[in-house]
Amino acid sequence: MEKILVCIKRVIDYNVKIRVKPDETGVVTEGVKMSINPFDEIALEEALRIKENGDASEVIVISIGPDDSQQQLRTGLAMGADRAVLIKHDEEIEPLTVAKALSEIVEKEKPGLILMGKQAIDDDCSQTGQILAQLCSIPQATFVSQVSIEGEKATVVREIDQGLETLEIDLPAIITTDLRLNEPRYVKLPDIMKAKKKTLDIIESSEMETDFSSSIEVIAVTPPPPRESGIMVEDVDQLFAALKEKGLMS
Amino acid sequence: MSKVLIVADHFDGDLLASTSKTVNCASEISEDIDILVLEKDSIISPQASTIDSVKNVLSISNEAFEHPIASSMAPVVAEIANDYDCILLPSTTFGRDLAPRISAILDVNQVTDIMSVEGPRLFKRPIYAGNAIQTIKVADGQKILATVRTASFKELGNSNNANVIDTDMPAVDVPSHTRYGGVQSEKTERPDLQVASTVISGGRGVGSADNFELLYELADKLGASVGASRAAVDAGFVPNDMQVGQTGKIIAPELYFALGISGAIQHIAGIKDAGTIVAVNKDADAPIFEIADIGIVTDLFEFIPELISKLD
Ligand SMILES: Cc1cc2nc3c(=O)[nH]c(=O)nc-3n(C[C@H](O)[C@H](O)[C@H](O)COP(=O)(O)OP(=O)(O)OC[C@H]3O[C@@H](n4cnc5c(N)ncnc54)[C@H](O)[C@@H]3O)c2cc1C
Ligand SMILES: Nc1ncnc2c1ncn2[C@@H]1O[C@H](COP(=O)(O)O)[C@@H](O)[C@H]1O
């Protein structure tokens with residue numbers, strides 16, 4: 001195939017302890033470390049491996065988000081992507097809108113494969129890939145932990161609640177990644193320098209056909225209810241006693 | 001009153017508990033609840049008709065539904081959905097795979113992981129692995145399409161006898177671009193992770209697949225199910241379907257044992273609704289103790305055998 005499109009989202013780094021803003025409008029992002037959504041990094045790694053294996057000639061990374069998302073796209077370029085596209089939009093947007101905007105790019109670039117994360121670890125929606133697959137009328141394989149490309153087809157293994165499912169899909173298709181698919185490579189310093197010279201196109205969301213307004217209103221963002229503080233016990237007998245007290249053991 | 005349609009989640013001839021939990025969520029939205037069963041032959045529909053609070057079971061039997069292929073099911077659900085105001089699926093891998101394709105066809109935004117119903121159009125859902133809770137409102141006049149966080153709702157009773165309505169396959173295109181190649185799942189006699197009242201989970205601290213036998217032995221003594229952290233799955237101690245957490249299963253047992261698990265937020269995300277969390281770790285500073293109800297600092301290889309012997 002000629003091109004692989006990889007969708008990457010800028011999110012709060014998975015190691016950061018999330019704090020809710022006191023005014024309940026969202027979570028604190030000021031001064032917080034931002035990264036590529038971990039599943040998207042895995043998607044990019046897989047795309048690079050497919051290219052290195054000779055099954056694709058170009059890897060394009062795309063993100064929709066604020067101007068700062070350029071940082072994550074540059075990291076993607078440093079990992080080895082050939083070029084990047086940023087659709088610039090400052091407000092938070094829902095998966096349906098993201099997928100519609102992505103479908104415009106898919107139409108233009110006509111990738112043979114689209115790789116994305118199975119979920120963004122900020123909104124935890126787990127929707128965008130599947131919506132995009134339907135909008136483009138192409139197959140999807142979600143939660144994937146193994147991919148092999150065979151010409152115009154791919155065989156994938158999906159992590160489902162009951163175990164591991166195998167699917168064969170025609171290309172072009174969308175694959176969403178699970179954690180066990182691969183271990184993303186580390187970025188080396190010379191690659192960061194090289195990445196600065198690669199193309200990063202910026203498109204304003206207002207230049208797109210997609211309507212970026214929303215029909216789901218966020219009323220409030222609140223911290224989860226706290227759990228009651230627990231106790232420490234010294235041995236198995238004390239544990240039994242504590243469980244009995246809670247009625248969990250007779 | 002709004003009409004609710006639920007898409008049944010089933011596997012290998014059995015209706016899954018996630019369907020009943022989704023009906024429970026629906027019962028807080030409306031009393032007018034139908035279940036749609038897409039299957040090959042009518043094995044699941046009679047099971048669905050016993051779930052309390054269900055009015056009708058729409059049964060579509062077709063070769064296309066021998067396996068749950070989202071791209072085959074989505075156009076059919078979207079067609080049936082025309083007569084409904086609210087479409088719910090469980091937030092299992094089945095529901096999460098399928099629901100967004102319906103969202104695309106109907107052109108409505110989907111709500112993922114309803115954890116509570118606050119009003120007919122007002123829902124709470126977790127974000128950031130449950131470290132924040134969003135309250136969201138679906139616009140008036142718009143169809144509600146959502147997945148339901150099954151750990152937040154209990155299974156309903158099975159004393160119903162709802163109408164089973166054999167329904168014709170709608171005239172929609174079922175694509176052939178996706179072909180099923182089998183499921184590899186390890187059969188176990190132990191209760192399902194998502195319904196078990198007691199779950200014993202092991203982490204990297206368990207050390208090996210062989211050492212997990214100790215957990216199975218304890219589980220069998222307690223009639224419990226066995227889960228694991230991602231590190232234990234990645235290390236190959238246990239299969240992927242045992243992973244508990246943000247990217248594994250979200251569970252709500254009455255009693256949860258975390259053995260040799262450090263307590264990363266992604267793991268905690270899967271057990272926030274557990275009744276009582278017991279943590280066993282040899283490191284007194286392990287973060288798991290911050291959320292555990294009962295903690296014990298000890299070596300799990302001493303703890304488990306002693307616990308087993310005292311259960312005899
Ligand atoms: C996007 C993303 C999603 C993730 N999703 C999940 C998920 O769904 N589920 C999940 O679990 N993780 C998930 N993780 C991984 C998570 O961040 C942690 O890496 C993982 O949970 C650690 O597993 P662990 O606690 O078993 O291992 P460790 O963190 O290595 O902890 C092992 C613990 O065992 C203790 N120990 C060792 N030996 C003994 C002994 N003999 N007796 C008693 N205690 C002992 C140690 O003190 C230590 O605390 C995710 C990560 C990312 C980035
Ligand atoms: N704003 C975005 N820009 C680029 N890719 C995105 C964006 N939002 C979501 N995605 C992709 O869609 C996947 C699933 O996101 P979600 O449906 O929000 O959980 C992510 O892992 C990304 O690959």
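Numerical summary
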item	result
Expected 222 nm ellipticity per residue - DSSP helices of 4 or more, -39500 (n - 2.57), all of chain A, to 500	-8000 deg cm²/dmol
Segment A:Lys21-A:Ser214, extension gain: residue separation times 0.36 nm, minus the distance between their alpha carbons	67.3 nm
Stokes-Einstein translational diffusion, the protein assembly as shown - Kirkwood Rh over all Cα pairs, 0.692 mPa s, 37 °C, in µm²/s	135 µm²/s
Mean residue ellipticity (222 nm) of chain B, computed from DSSP H runs ≥ 4 via -39,500 (n - 2.57), nearest 500	-6500 deg cm²/dmol
Considering only segment A:143-187, percent of DSSP beta bridges that pair antiparallel, nearest 5	95 percent
Antiparallel bridges, percent of DSSP beta bridges restricted to segment A:3-222 (to nearest 5)	40 percent
Given A:Lys9/A:Lys118; A:Lys88/B:Lys249; B:Lys124/B:Lys154; A:Lys17/B:Lys124; A:Lys118/B:Lys143; A:Lys9/A:Lys51, the pairs whose alpha carbons are separated by over 23 Å	A:Lys88/B:Lys249; A:Lys118/B:Lys143
Relative contact order (%) - criterion: Cα under 8 Å, at least six apart; region: segment A:3-222	26 percent
Antiparallel content of DSSP bridges confined to the protein assembly as shown, in %, to 5	35 percent
For segment A:201-209, 3J(HN,Hα) per residue [Karplus equation, 6.51 cos²θ - 1.76 cosθ + 1.60, θ = phi - 60°, Hz, x = Gly/Pro]	7, 10, 10, 6, 4, 5, 7, 8, 6
Cross-link reach list, lysines versus B:Lys310, counting only Cα pairs under 22 Å and skipping chain neighbours closer than eight places	A:Lys244, A:Lys246, B:Lys221, B:Lys282
Chain B: relative contact order as a whole-number percent, Cα under 8 Å and 6+ apart	14 percent
Whole-Å distance, taken between Cα centres, linking segment A:160-233 and segment A:79-158	10 Å
Charge dipole magnitude, Cβ of K and R +1, D and E -1 - segment A:3-222, Cα centre, debye nearest 20	940 debye
Hits among aspartates and glutamates - C-alpha to C-alpha of A:Lys21 under 18 Å, sequence gap 8 or more where chains match	A:Asp13, A:Glu30, A:Glu91, A:Glu92, A:Asp122, A:Asp123, A:Glu217
Gain on full stretching of the segment that runs from A:Lys194 to A:Ile231 - 0.36 nm per residue minus C-alpha separation	7.9 nm
In Hz, Karplus ³J(HN,Hα) per residue of segment A:104-120 (6.51, -1.76, 1.60; θ = phi - 60°; x = Gly, Pro)	5, 5, 4, 4, 6, 8, 6, x, x, 7, 10, 10, 8, x, 6, 7, 8
Relative contact order of segment B:198-311, defined on C-alpha pairs under 8 angstrom at six or more residues apart (%)	24 percent
Cα→Cβ-extended label distance, 7 Å offset, between A:Asp90 and A:Lys244, nm	6.4 nm
Placed amide H near A:Thr142: partners under 5 Å, 5+ positions off or other chain	A:Thr176
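No value in this document is a laboratory result; all are computed from the given coordinates. Given the structure is predicted, the values throughout are model-derived calculations rather than measurements. Here Cβ is always computed from backbone atoms with ideal geometry, including for glycine, and neighbour counts include all displayed protein chains.
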